[in-house]
Each structure stands twice: as C-alpha cells, then as structure tokens.
Amino acid sequence: MIQYADIIVDLQAGDTGKGKVANHLTEQNDYTHIIRYNGGGNAGHTFYHNNNKIVTHNITVGIIHNKKSVIGPGCVIDTKKLLEEIEYLENMGYNVKDKLLIDKRVHIVKQEYIEEETNETIIGTTKTGTGPTYRNKYDRKGLRAENCEELSPYIIDIYDELHGKEPVRILFEGAQGFELDIDWGDYPYVTSSHCTVGGALNNGVPHQKIRDVYGIAKAYRTYVGSKKFEPSDEIFDYIRNKFDEFGATTGRARQLNWLDINELIKSININGVTTLIINKFDVLKEINTFNIIENNDVKSFESSDEFVQYIQTKLSKHCETLSDIKFSETPYII
Ligand code: IMP
C-alpha cells in the first residue's frame, strides 16, 4: 500500500547535487524505499556519510540508511560494474545484500554495447553502453535482469513490492537531468532515458500518491559532452579547478555557464516542482560574481541578495507549482 512518494528531479544537465539531497531527505523522512528511475552506469552520485565520500552509479543512497534500495524498470545495469559496486559498499560496512532490489524489467548492458561506444565522439557519451542498451530495449532485442543469473538474488517485480499489504513511503531519485532528457533535452546531445518526473511515474506509482517534487539546480550550470557549451571566460576555468567540476563517472572536465532563468522556469513547470533547491550558492559567493542568463543575455547583480531576490520574484511569477526555494551553501545538507 503506497502512502506517498517524493521525487528528486535534476532540472539541468546532471551533476547538480541530487545525491546530497537524497541523503538529506532520507535522513529527514521515514521512507521505506528509495528508487532509482532512469539511467545506469553513466550516472555518478556523490554523497558524504560518516566522513566518507561515497560515489555510486546504480545503487541509491537508501542503502547507507538501511532502507530498501530499488533499481526501477526504466534503468539499465552493467552487471560487472554493479557487482563491483555491491562489494565496494559491503566493504564499507553497508548491508547491500538484504536491501538491494532490482525490478525484473531492467535491461542489461552487454559487453558488445560498451565496445560499440569505444570511439563515440558525436555526443560525447560516457561510453558505458547506455545508449545501445536502450536502443535494443526499444528494438525489443534486449536482455532483461530477470534472465540474468548473477542478479537472481535481487530480482523482484516492482508492482508486488509496492502494492502489497505493508505501508510504503517512497523517495524517487533520478539520474542525469532535464536538459539531458531524451525528449526535452537538446537532442541529439542527450542521454537515452526519461529524466523527468514522467520517468518516476513509470514505476507503477499512481500520480495521486506524489507528495513533493524536489527540483535540483546549481547556481551556475555544467554540462559534459561534445557540444560547445562554455563561453570563453577565464572565470569558468577558475571555478572548474577550484571547485572540482570534473565528471564523477569519467573524470572529464565539465563545461560551465551561468544559470539560465528561462530554462529553469521551463524545467520547473514541466516537472511540477514544489521545492526548488539551488546548490553551490557558496561558489558564487566565493567568487563574488552573481550572473544569470535571461533571453540569451548575461545579467549581472551587485550582491547575493539581489541575485536571490531576482530569482525569487521571477519564479513566483512564472511557476505556479513552486512553494519553496532554498539556496544551499554546503556539500552536506540542503
Ligand atoms: P550517455 O548517457 O552515456 O549516452 O551520454 C549522453 C550524454 O549525457 C553525454 O553528454 C554525457 O556526458 C551525459 N551524461 C550521462 N550521464 C550523465 C551524468 O550522470 N551526469 C552528467 N552528464 C551525463
């Protein structure tokens, strides 16, 4: 019996700090299940627990709080990498074996898909075989987790898991982000899955059960991939190096640009965001530069207060579903 579900959705091109928010919300709420709803080994989720920096790709933060950690039907799995991740977390003392659940419908990344991507440069993918796995899924030629012997101890039917007698309280944690969504992103510079709340709803949860949608953005934007994204300005080099803007999965340099207010509004409206969290506000404060892009022009503000006020005013005017905005200044909490 589902009591409620909250959703975490990335409003930009990934790497906005969803892992941190998921960790924080899991500590604050009595969730029973933390569910990943899209992506696979292409994603990197970073969070801190007991002074350890933890990076996972498939397994949700639920595992470190001893909650059920589910990989939902919209995801893909590289079995070898997942087994390594299980070992990595077990070695850190977390009980993965009893808490990890994989829906039988998840698709498996085959070695040949990874090889196919070895020389891919057009999109600048993570070369994790993610795109070819989704392609074969939709071509109805894929291999599903239910047919993968190594994963058999973890396999469930997510319908039975969520719609049984026990009360269920869910946190959905997406991967990548709105600007990389297969439909809403800047095609073809996108990933191959649904990164929006639509992806979360496709886990067998009725939309009436959705409580809060936490939209996560950064105070400036980053993107990793082949398209030109970063304007030439030394300040972006400075931010990248000082604040470690390099991919958690591939180590590639992230390209930077300022927050785009029009894109943010669109993303909030499409995802029905109720709480907006703008991470890394401390970075703008440290460089003492407060810029946003509006209608393709850069707009500069004298102070952090002016920046905050401008964003609040704009969003309250254009985003009906939004009831709270938080500017976060630490890597540990919201
Ligand atoms: P793919 O998902 O590996 O096919 O890569 C497609 C695009 O999405 C590339 O531009 C990747 O850099 C980007 N991408 C995929 N996963 C992530 C992520 O977790 N964070 C940031 N970018 C990502």
* Structure fact -> Rounded to whole Å², per residue accessible area for the chain with a 1.4 Å probe reads 44 Å²
* Structure fact -> SASA check, Y113, accessible area w/ 1.4 Å probe, all protein chains in place, rounded to nearest 10 Å², comes out at 10 Å²
* Asked: How big is the accessible area of H194 in square angstrom, nearest 10, if you roll a 1.4 angstrom probe over the protein chains?
  -> 80 Å²
* **Accessible area (Å², 1.4 Å probe, nearest 10) - H163** => 70 Å²
* Asked: Roughly speaking, to the nearest percent, how much of region 33-138's 1.4 Å accessible area is carbon and sulfur?
  -> 47 percent
* Asked: Taking region 168-264, which GluC sites (Glu not before Pro) meet the DSSP loop condition and have no more than 12 other C-beta atoms within 10 Å?
  -> none
* Structure fact -> Contact order relative to length for region 175-240, counting C-alpha pairs under 8 Å separated by 6 or more residues, stands in percent at 20 percent
* **the chain: most fluctuating residue of K209, K228, K99 per GNM, C-alpha cutoff 10 Å** => K228
* Asked: Given the pairs K218/K285; K227/K285; K242/K314; K218/K314; K68/K97, which are separated by over 19 angstrom at their Cα positions?
  -> K227/K285; K242/K314
* Asked: For W184, W258, what's the largest-to-smallest order of accessible area, 1.4 Å probe?
  -> W184, W258
* Structure fact -> Contact order relative to length for region 84-218, counting C-alpha pairs under 8 Å separated by 6 or more residues, stands in percent at 20 percent
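Give K18/K266; K80/K127; K110/K228 a once-over and call out the pairs whose C-alpha atoms are over 22 Å from each other.
Working: K18/K266 19 Å; K80/K127 15 Å; K110/K228 30 Å.
Pairs exceeding the cut-off: K110/K228.
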* Based solely on C-alpha atoms, express the radius of gyration and the Dmax of the chain in angstrom. => 19.2, 59
* J(HN,Hα) series, region 93-98, from Karplus relation 6.51 cos²θ - 1.76 cosθ + 1.60, nearest Hz, glycine and proline x -> x, 8, 8, 7, 4, 8
* the chain - percent relative contact order, Cα under 8 Å, separation 6 or more -> 23 percent
* To do: Run the accessible area of region 199-334 with a 1.4 Å probe and give the carbon-and-sulfur part as a rounded percent.
  => 45 percent
* To do: Using the Kyte-Doolittle scale, find the helices of the chain whose mean hydropathy is at least -1.0 and whose Cα atoms extend 20 Å or more along the helix's long axis, counting only whole DSSP H runs.
  => 304-318
* To do: Return the calculated 222 nm mean residue ellipticity for the chain, to the nearest 500 deg cm²/dmol, obtained by summing -39500 (n - 2.57) across DSSP H runs with n ≥ 4 and dividing by the residue count.
  => -7500 deg cm²/dmol
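The values are calculated or read from the model by the stated rules, or taken from the named source; none is laboratory data. Small disclaimer: the values here were computed from a predicted structure and weren't measured. Counting neighbours? That spans all protein chains shown, and the Cβs are built from the backbone with ideal geometry, glycine included. For the accessible areas, the whole protein counts, side chains as well, though only heavy atoms, and no ligand, DNA or RNA atoms are used. Shrake-Rupley method; radii C 1.70, N 1.55, O 1.52, S 1.80 Å.
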